[in-house]
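See below for the structure under consideration.
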Amino acid sequence: MKAVQVPYANELKIIEIPKPSLQNADDVLVKVKRVGICGSDMHIYHGTNPLATYPRIVGHEVAGEVIEVAEGVNNLKVGDHVVVEPISYCGECYACRKGRPNVCEKLSVFGVHEDGGMREYAVLPEKQLHAVNKELSWDEVVLAEPYTIGAQAVWRGNVEKGDTVLIQGCGPIGICILKMAKIAGATVYMTDLDEKRMDFAKESGADHVIDAGNESVKDRILELTDGEGANTVIDAVCLPSTVELSIELVSVAGNVVILGFDERPSALPQLPITKKEITITGSRLQTDQFGKVVELLNNGKLKSDGLITHRFSLNDVQEAFTFVEKNPDKVRKALIVFE
Ligand code: MN
């Protein structure tokens, strides 16, 4: 069978490997149908993901059909449509004991630390698969993983009904956060520099979008919130300066959620943190968000609505990666379609 491998940085190839078989009692064989291309896949491709090792079969946004189950599998059967929860963990370290396995000491992410799903077939343990409604299209369900990233950020930011939320950045992750914040009942403001991205954020339900290149985000947020600031600020731009702005624009008793991987320091004064008694929190991957997201997909409350803009066949994977890289203004989410 075919798989997409990054053998080392800046090289991408389609390799031929044996079809995997069931090894453990809880194993499930999945025929892959769709894989989303994520910014983190691009970072692995370019050698700029500090967590990835090589060679690596990429792909962590995966939807497929169950082809075979081992004898110990209880909740999945042949023919089920599933999405992959891409984390595995030790279950014993401090994070795991605290119910936060997404930051396990021995965390292994499918498609990052171990070979992922951009291949015709994959074997995964039952607990890393979630069954979705078979009536839904593959294009809808493959977005489950990016939605869980949005769900995690909203959970980490303690977003509640009636709160005001500022999301910096209208890229695909910003949009996934927006969808989950609206489901939580918040009023959502967003920022970006790109007109098309800002238009799509409005179409996707943002209450107000601020053009950060042409207007003062601070002035607009204070105006929109009657001087209070946003109760939760989620930074999906992830620059040192946007972290600083987040601290400045968050309200009293508010929450700031950090998603970035930038190692450059931000200059954070202590006074606003203490005076407003704000909570600054990181958000990485997801914990227990798949159940909620799958339910929202199944009952039609969460829809892609234009989030998928491009589809490529497996054989055109190089073209897909090149296109995504060169057209960040045109691509929201691109998929590899397996048939
Ligand atoms: Mn992703």
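The values are calculated or read from the model by the stated rules, or taken from the named source; none is laboratory data. Here the structure is a predicted model, which means the values were calculated and not measured. Every residue, glycine among them, receives a Cβ derived from its backbone with ideal geometry; neighbour counts consider all protein chains shown. The accessibility values were calculated without ligands, DNA or RNA, using every heavy atom of the protein model including side chains. Shrake-Rupley method; radii C 1.70, N 1.55, O 1.52, S 1.80 Å.
Within the range 310-339, track down each residue that is surrounded by fewer than 15 Cβ atoms within 10 Å (Cβ to Cβ), outside any helix (DSSP H, G or I) and touching a strand residue (DSSP E or B) at 6+ places or on another chain (Cβ under 8 Å).
Arg311, Ser313, Lys330, Glu339
Evaluate the following for Asp262: is it more than 21 Å from Gly205 (Cβ to Cβ) and without any contact (Cβ under 8 Å) to a residue 40 or more places away in the chain?
Yes; evaluated as a whole, the condition is true for this residue.
Given the residues Val58, Val83, Val35, which is the only one that is of a type in the set (A, V, I, L, M, F, W, C), out of contact with any helix residue (DSSP H, G or I) (no Cβ under 7 Å at 6 or more places or on another chain), at pLDDT 95 or above and buried (at least 19 other Cβ atoms within 10 Å of the Cβ)?
One residue alone meets the criteria, Val35.
Looking only at the range 143-177, how many residues end up being more than 15 Å from the ligand (Cβ to nearest atom) and either farther than 15 Å from Gly39 by Cα or under 9 Å from the mean Cα position of the chain (by Cα) (or both)?
Qualifying residue count for the region: 15.
Every residue in the range 8-45 that is of a type outside the set (Gly, Ala, Ser), more than 22 Å from Leu124 (Cα to Cα) and over 19 Å from the mean Cα position of the chain (by Cα), please.
Selection gives Tyr8, Asn10, Glu11, Leu12, Lys13.
Can you find a residue in the range 155-162 that is acidic (Asp, Glu) and surrounded by fewer than 24 Cβ atoms within 10 Å (Cβ to Cβ)?
yes
Pull up the range 45-62, narrow it to residues that are touching a Lys or Arg at 6+ places or on another chain (Cβ under 9 Å) and within 13 Å of the ligand (Cβ to nearest atom), then point me to the one that is farthest from Gly260 (Cα to Cα).
Val62
In the range 8-44, which residues are of a type in the set (A, V, I, L, M) and away from the ligand (no atom under 16 Å from the Cβ)?
Ala9, Leu12, Ile14, Ile15, Ile17, Leu22, Ala25, Val28, Leu29, Val30
Please indicate, with yes or no, whether at least one residue in the range 81-102 is free of Cβ contacts under 8 Å to residues at least 60 places away in the same chain and touching a Leu at 6+ places or on another chain (Cβ under 7 Å).
Yes, the range 81-102 contains a residue that is free of Cβ contacts under 8 Å to residues at least 60 places away in the same chain and touching a Leu at 6+ places or on another chain (Cβ under 7 Å).
More than 23 Å from the chain's Cα centre (by Cα) and farther than 20 Å from Val188 by Cβ: which single residue out of Glu277, Glu263, Glu295, Glu248 fits that description?
Just a single option satisfies the conditions, and that option is Glu277.
Exactly one condition in (1) assigned to a loop (DSSP other than H, G, I, E, B); (2) surrounded by 12 or more Cβ atoms within 10 Å (Cβ to Cβ) is not met by Val252; state its number.
Checking Val252 against (1) assigned to a loop (DSSP other than H, G, I, E, B); (2) surrounded by 12 or more Cβ atoms within 10 Å (Cβ to Cβ), the one that fails is (1).
Do we find a residue being surrounded by 14 or more Cβ atoms within 10 Å (Cβ to Cβ), within 13 Å of the ligand (Cβ to nearest atom), aromatic (Phe, Trp, Tyr) and assigned by TED's automatic domain parsing to the domain that holds Val317 anywhere in the range 106-116?
Yes, the range 106-116 contains a residue that is surrounded by 14 or more Cβ atoms within 10 Å (Cβ to Cβ), within 13 Å of the ligand (Cβ to nearest atom), aromatic (Phe, Trp, Tyr) and assigned by TED's automatic domain parsing to the domain that holds Val317.
Given the structure, is Ser137 open to solvent by 10 Å² or more (accessible area, probe 1.4 Å), among the small types (Gly, Ala, Ser) and without any contact (Cβ under 8 Å) to a residue 12 or more places away in the chain?
Yes; evaluated as a whole, the condition is true for this residue.
Given the structure, is Gly59 within 27 Å of Ala131 (Cβ to Cβ) and under 20 Å from the mean Cα position of the chain (by Cα)?
yes
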